[in-house]
Every structure is written in structure tokens, then in C-alpha cells.
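Chemist: My structure is below; once you've seen it, I'll send some questions.
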Amino acid sequence: MFMVEYTLNLNPKKSARAYGRALRISTKSSVTVCRTISGMNLLKGKRLLGDLITEKRGLDGKYYTNASKEILNVVKSAEMNAEFRGLDTGRLVIFASAHKGFSFIRPRRLKMRRTRRKMTNIQIVLQQK
């Protein structure tokens, strides 16, 4: 296991964080979604992710459902960490970032092409105002 380095280190008494490692989602779409929800209130961010999953609202004409599902799971994990620390969930602000993870080549049979699989790492930090 390796040590996780967060891009944003805040006061540990007023923040909670979660890390999604090696998620099978597009890095490009997850960066777009993370930039959109970064700086939002927790409730607004979760509502936006839910609307993207149910395709009620889109970003630049796209819904990014796969990335939104995985990011929402990491946001919920960070929210549970914040509740455990005793932070007020109504005053939390999301700071999200997505980074390229490792990639590997999945072998196939003799005449078939092999496929390259890419991974994405998601970091969510919730800070209390």
C-alpha cells in the first residue's frame, strides 16, 4: 500500500476527506465534474450529481453518468467521515480533484487486439465554513 498525498491539506479539525483510488471512469469527464462541484455547498453538490445521474441536468450538453456515480460515492464517504468527526453537514464546502491513475494492458487471445484500461483517482475534501 502506498501513502496517499492529498492536493489540499486543510485544518484536520474542520475538514474531512475521502479518496477514491483506481476507479474505472474517464479522467477527462471526472475532471469536468470535479471542477463544477468544487467550491459548492455539500447539499448543492450532491443534488447536482444526482441530477447528472438521472439525466435531469447536463454539463455542456453531456450527463457524465458513470463519473457522477463514482464521485457521488466518494462524496458520501467524505460526508460520513465529517459526521463521525462531529462537523455540521449543512456548512460543508466541497473541494474535489481528479487525477490520472495507472493504466494497464488487458491481454487477449492470439489474433484479437489487446485493450488498454485506464484508471482515475478522485480526492474529495469537505471543509466547514
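None of the figures in this text is laboratory data; all of them are computed from the coordinates on show. This one's a predicted model, so the numbers in the text were calculated from it and none came from an experiment. So basically every Cβ, Gly included, is an ideal-geometry build from the backbone, and we count neighbours across all protein chains shown.
Chemist: Spin-label point model (7 Å from Cα, Cβ direction): what's the residue 38 to residue 89 distance in nm?
Modeler: 2.5 nm
Chemist: In debye to the nearest 20, how big a dipole does segment 14-80 give about its Cα centre with +1 on each Lys and Arg Cβ and -1 on each Asp and Glu Cβ? Numbers along the way, then the final one.
Modeler: Details: 14 positive and 5 negative charges, 29 e Å.
With only Lys, Arg, Asp and Glu charged at Cβ, the dipole is about 140 debye.
Chemist: Please give, to one decimal in nm, the separation of the simple spin-label points placed at residue 60 and residue 77, each 7 Å out from Cα toward the Cβ.
Modeler: 2.6 nm
Chemist: Over the Cα atoms of segment 48-110, what Rg and Dmax result, in angstrom?
Modeler: 16.4, 57
Chemist: So for segment 17-128, if I pair up every lysine 8 or more residues apart or on another chain, how many of those pairs have alpha-carbons under 12 Å apart?
Modeler: Number of lysine pairs found: 5.
Chemist: Where the only charges are on Cβ atoms (+1 Lys, Arg; -1 Asp, Glu), what is the dipole of the chain about its Cα centre, to the nearest 20 debye?
Modeler: 860 debye
Chemist: Calculated from DSSP H runs of 4 or more alone, at -39500 (n - 2.57) each and per residue, what is the 222 nm mean residue ellipticity of the chain, nearest 500?
Modeler: Helix-only estimate at 222 nm: -11000 deg cm²/dmol.
Chemist: Compute the Rg to Rh ratio over the chain from the alpha carbon atoms, using the Kirkwood formula for Rh, and round to two decimal places. Please list the in-between numbers first.
Modeler: Values: Rg = 16.2 Å, Rh = 15.5 Å.
Radius of gyration over Kirkwood radius for the chain works out to 1.05.
Chemist: Please identify, among 87, 59, 48, the residue showing maximal mean-square fluctuation in a Gaussian network model of the chain using a 10 angstrom Cα cutoff.
Modeler: Sorting by GNM fluctuation, first place goes to 59.
Chemist: Using Cα springs under 10 Å in a Gaussian network model of the chain, which residue among 46, 13, 118 shows the largest mean-square fluctuation?
Modeler: So, out of 46, 13, 118, the one fluctuating most is 13.
Chemist: Which of 45, 58, 107 sits closest to the plus end of the dipole of segment 41-129, meaning its Cα is farthest towards the positive end, when Lys and Arg get +1 and Asp and Glu get -1 on the C-beta?
Modeler: Result: 107.
Chemist: OK, next. Would you work out the relative contact order for the chain, in percent, from Cα pairs under 8 angstrom that are 6 or more residues apart?
Modeler: Result for the chain is 39 percent.
Chemist: When the chain is modelled as a GNM with alpha-carbon springs shorter than 10 Å, which of 27, 54, 115 fluctuates the most?
Modeler: 115
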